[in-house]
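Below is one structure, written out as structure tokens; comments come after it.
The values are calculated or read from the model by the stated rules, or taken from the named source; none is laboratory data. Computed from a predicted model, the values in this text were never measured in an experiment. In this analysis, Cβ positions are derived from the backbone assuming ideal geometry, glycine residues included, and neighbour counts consider all displayed protein chains. Ligands, DNA and RNA are excluded from the accessible area calculation, which covers all protein heavy atoms including side chains. Shrake-Rupley method; radii C 1.70, N 1.55, O 1.52, S 1.80 Å.
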Amino acid sequence: MKCLETEKLIGYAYRLLDEPAASLVRAHLGDCPRCREIVEQHGRLDAVLSEWKTEEPSPEFDARVRLAVEAQKSRSNAWAFRHWQWTRGLALASLAVLIIAGVVWFARGHLGVSDSSRVAEQKPRQAMGAQAPAQVANLHSLAVPGDGSLRPVQAVHGNKSAVGFTNEDKVTQALEDYDLAANFDLLSELPKGEPRVAN
Amino acid sequence: MGSYPNPIRPENFMSFPQLFRGQSVVYNVATMAIENDLDLMLRVRDGDTVSFEILLRRYRLPMVSYFRRMVRDQGLAEDLAQEVFLRVYKSRERYQPGAKFTTWLYRIATNLALNAIRDRKDEVSGTPGDDSDGGTEFERFIDPQPTVEQRLVQGDRERLIRQAVEALPENQRAAVLLHKYQEVDYRQIARILRVSESAVKSLLFRAYETLRIRLEPMLREGRI
Ligand SMILES: [Zn+2]
């Protein structure tokens, strides 16, 4: 009679076999004391291993877990708060950008009119000759304000009626801010130190 | 009983301190004890503290026991068990009810334990004589002719069993501890260890046969 592989015997001892395989082992064990001894040894091993007991967790274990979880919760809340703050900041910044963009769009429409008016205006001024240097000098002085103030804005505002702003009373503070930026653009087109119309 | 608040409803959720003061908690915990792990974990995912508490009570002993057998050090075992529960809580929102809850739990635990064992090995490597309560006594124990003085008391038997298990390769040790002491089915062990079922059987065969040989003196009829 051929003995079974040790793996089969161990599998049987620890109930790792499916039923057809287990019944084959069972049949063999009835006739084979050697294989039966191996299975019995594993049965005793199983009992011996059960002698290794562990104790209950220490009394403070549950409290420690709860504390750790509560601390984690606080950290999550703090993170959520920071995240919310960040998101709110981002939303406000986006809103500000939108407002500025809207204002730019609104004002650029009007500035387009003012630019063409200005070009149209320059011809007669150049023809007048004497007036042109004065205009350029005015612009030049805007480009390099002696006291660093925001005079360019005021200067352009001063020209508003001349360049077609008919509803300037309704212009908002934001629009004035835009004018400041637009003026820097305008001034940057001028050759530095040499007035465009000097010759 | 019907007049008790439903512990599942958000307005009846309690924080941990409340949970352990209120009498209704006894009811809450009792009624939810029959809830399966998956439902509890889904409620934890939705922010239910009571369900987390039930999972903690249900698995505190299995977790601590598993770690005590895996890493020996009692303090470390509790630290690691605490870490398992914390990780469960932290990842509650990502929890997907696909696998069995205990598969997930034991996978976290096994990874933590194996990492801790490796860390400790790194720490003590090059420190000879660490196994102060080990080898010599074992050799004395397997002496085929033990004297009366050498008879082992229960604590010694436990220590010898522990040493025999600890001497197994890590994956065999994890498989045996899960199978024998945590009573986890070999199919589930395969999912915990991410190996095939036949690989788990092979791990268990080798581990149990090694243990049978190492502990053979203890398997003789009667105690030595
Ligand atoms: Zn046989």
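Tabulated results
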{"quantity": "The stretch B:151-224: C-alpha pair distances exceeding 22 Å, %", "calculated": "28"}
{"quantity": "Spin-label pair residue A:97/residue B:154, simplified geometry with 7 Å Cα→Cβ offset, distance in nm", "calculated": "7.2"}
{"quantity": "Using distinct alpha-carbon pairs, which all enter the 1/r mean, Kirkwood radius of the stretch A:6-49 in Å", "calculated": "10.3"}
{"quantity": "Rough spin-label spacing in nm, given labels placed 7 Å along Cα→Cβ, for residue B:170 and residue A:53", "calculated": "3.2"}
{"quantity": "Residues of the stretch B:59-80 with amide N under 16 Å of a point placed 7 Å along Cα→Cβ from residue A:67", "calculated": "B:75-76, B:78-80"}
{"quantity": "Paired Rg and Dmax values of the stretch A:62-112, which use every Cα atom, in angstrom", "calculated": "21.8, 73"}
{"quantity": "Heavy-atom accessible surface that B and A bury in contact, both chains counted, 1.4 Å, Å² to 100", "calculated": "4100"}
{"quantity": "From phi via Karplus (6.51, -1.76, 1.60), per-residue ³J(HN,Hα) for the stretch B:42-50 in Hz, x at Gly/Pro", "calculated": "5, 6, 4, 4, 7, x, 7, 6, 4"}
